[in-house]
Each structure stands twice: as structure tokens, then as C-alpha cells.
Amino acid sequence: MTVGIVGLGLIGGSFARAFKEFTDYTVLGRDISSKAFYAAKLVDAIDGELTEKNIGECDLILVSLYPEKTVEFIEENAAEFKKGALVIDCCGVKRYVCERLLPVAEKNGFVFLGGHPMAGTQNWGFEYSRSSMFKNASMIITCFEKLDITELERIKKIFLEVGFARIQFSTPEEHDRIIALTSQLAHVVSNAYVKSPTAKKRMGFSAGSYRDMTRVADLNDEMWTELFLENRDYLSEEIDTLVKNLKKYSKALKDNDAKALQALLIEGKENKREDR
């Protein structure tokens, strides 16, 4: 099988490395950055360049770009894809890309799936990619309703081969609603948390809790701005819920109400235990 990977950053680069290490697939890659492309070629993460001439040879194309660039690339190259090829995006939002690209796929005779690998780090770029990135992670697949069980099993096999422990099938709407909490809100909170003036005085006073809370504050601002805005309805709803809950803690403290404060802490503790 021939795999084309568009975007050789953290996720695309990790897919390239994983396919080369764990499968016998031919991997072709492309990136707007010549540095990323040649770095991938130098470490044998790809077999060659993905071009307009050979893109029609790919059985699977993974597009690991920001949402708007993903839509733009697939729309511009749709006519060149092999008929029946599997085209999967790796964006952190699904409604936007699926709404735009499902009609394009149907018109041009290829299969489009919305994908989201639940893996990554606070860093970005090919230099941080690794073949083990997806070990024991979950791969979310959306827009799969028209595929039969045989095709779904083939897709599942492809992602299990590169380390994923679970393939989670979802709708674009469900994905975006849940990811607003599990991923996007966490980045907002971490980024806002470090803005406290007290953070500048933390040296010698911080340990694991501070590191955990601030790990994703140093984020790719361009990418996350686009992701947040594409999911602004669900994300703003989660932010409002968090603010509402935080106000309860603040009130209990200001009222010196130990009973209310402990009740809030117990409630949160029990919710966490139910989440395990």
C-alpha cells in the first residue's frame, strides 16, 4: 500500500515514522517547509516526495494541516486522487472539515473520513515527532456511516498497526462537543492560569501540580486559535460552565464556609473517581 502524508509536523511526521517502522507501506510526504521534508527524508521517515504526479498512486492520504489548509488542499487536489482512495484528515475539529469535504469526496469518487489522533505533546514540528507517538492512544474516526464493516475493519487494522490501542467511532458533532472539554478547555485553562502575577514569583514554591497545570500553556497559538474559533460554540459553553463552578469555590472561601467548601471538594473528587 502507498501512503501519502501531507504536513510533516508533529502528527504527520509521527505517522510517517510509524508507518515506516511498523509496516511495509511505501510512504510519500510533503511539507511547505523544505527543512521538515529533508529532515524526514534524512531519517528515512518517508520514501520520497508526494507530488501532483504521484498523488494518484496513493491508497491512503493523511492530511495533517490546520483545518482551513486541510480543506483547501483536498479541494484543490480532489480530482487527482485515486478513485476509491481513503483520505483522512487529522484536525482537532470535525464539523468544519466534514461539512466541507464530504461533498467533495462524493463528487470525485474517493472516501473521506474525519480523523483525530488523540496523541501529541506541547511541542510541535517534525523534530519532536516519533514512531511511538500513537502507542496505546485512541484514534477517533467520523463520517464513516456509508462504509461497510469490511472497509471499517481495514481502516481499524491500519491504525492498530501504528500503535493505536483503540479506534473510537463518532459523529462530527459528538467529537467537537466532547473535545471542547477534554482538550480545548484544558489548553485555555493552562494558558490563562500562568497569567497570574504570582506565577512570576513561583521559583522554589512549585512542583508537580504546577507543572501539570502549565504543561500545555506553551502552545502553538496559530493552530489553537483556528481550532478554538472553529469550535467556539461548544468551547465557550465549557468555559462558562467552568467559570460558574469556580465562582462557587470563591464564594465558599469568601464566606469562610468550611461545610460548603468541603462539599464542593467531595463532589469534584467523586466525579473524578467515576471518570476512571
Scattering profile of the chain from the Debye formula, Cα beads only, expressed as log10 I(q)/I(0) at q = 0.10, 0.11, 0.14 Å⁻¹, is -0.59, -0.69, -1.02
For region 170-276, the Cα-Cα pair-distance distribution in 5 Å bins from 0, as whole percents, is 2, 10, 15, 18, 21, 18, 10, 4, 1, 0
If every Lys and Arg gets +1 and every Asp and Glu gets -1 at its Cβ, then about the Cα centre the chain yields a dipole, in debye to the nearest 20, of 1400 debye
Per residue, accessible area of the chain with a 1.4 Å probe, heavy atoms of protein chains only, in Å², comes to 57 Å²
The extension gain from V243 to R130, computed as 0.36 nm times the residue separation minus the Cα-Cα distance, is 37.0 nm
Expected unfolding gain across K269-R202 under the 0.36 nm per residue rule, minus the alpha-carbon gap, is 21.5 nm
In debye to the nearest 20, the charge dipole size for region 52-119, taken about the Cα centre with +1 at each Lys and Arg Cβ and -1 at each Asp and Glu Cβ, equals 180 debye
Charge dipole of the chain built from unit charges on the beta carbon (Lys, Arg +1; Asp, Glu -1), centred at mean Cα; most positive-end Cα among F159, A199, Y66 is A199
Rounded to the angstrom and largest first, Cα extents along the principal axes for region 43-167 equal 36, 32, 26
Between N54 and Y193, the two model label points (7 Å from Cα along the beta-carbon direction) sit apart by a distance in nm of 4.5 nm
Highest mean packing first, using Cβ neighbours within 10 angstrom, the peptides 208-215, 175-182 sort as 175-182, 208-215
With T = 37 °C, eta = 0.692 mPa s and Kirkwood Rh from C-alpha pairs, the Stokes-Einstein D of region 11-68 in µm²/s is about 279 µm²/s
Toy charge model, Lys and Arg Cβ at +1, Asp and Glu Cβ at -1: region 48-188 dipole around Cα centroid in debye, rounded to 20, equals 420 debye
Among A39, A79, L10, the residue whose Cα sits farthest towards the positive end of the charge dipole of region 1-121 (+1 at Cβ of Lys and Arg, -1 at Cβ of Asp and Glu, taken about the Cα centre) is L10
Counting only protein heavy atoms with a 1.4 Å probe and every protein chain in place, the carbon and sulfur fraction of the accessible surface of the chain in whole percent equals 52 percent
Scalar couplings 3J(HN,Hα) for region 10-19 by Karplus 6.51 cos²θ - 1.76 cosθ + 1.60 (θ = phi - 60°), nearest whole Hz, x for Gly and Pro, are 4, 7, x, x, 5, 4, 4, 4, 5, 4
Karplus ³J(HN,Hα) for region 44-59 (6.51 cos²θ - 1.76 cosθ + 1.60, θ = phi - 60°; Hz, whole; x = Gly/Pro) runs 6, 7, 9, 8, x, 8, 7, 10, 5, 6, 10, 4, x, 8, 7, 7
Set K82/K156; K146/K272; K35/K156, cut-off 25 Å on Cα-Cα distance; pairs above it are K146/K272; K35/K156
Against the 2.2 N^0.38 Å rule of thumb, the C-alpha Rg of region 101-178 sits at a ratio of 1.21
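The values are calculated or read from the model by the stated rules, or taken from the named source; none is laboratory data. No experiment lies behind these values; they were computed from the predicted model shown. Cβ atoms come from the backbone with ideal geometry, glycine included; neighbour counts cover every protein chain shown. Accessible surface areas use protein heavy atoms only, side chains included; no ligands, DNA or RNA. Shrake-Rupley method; radii C 1.70, N 1.55, O 1.52, S 1.80 Å.
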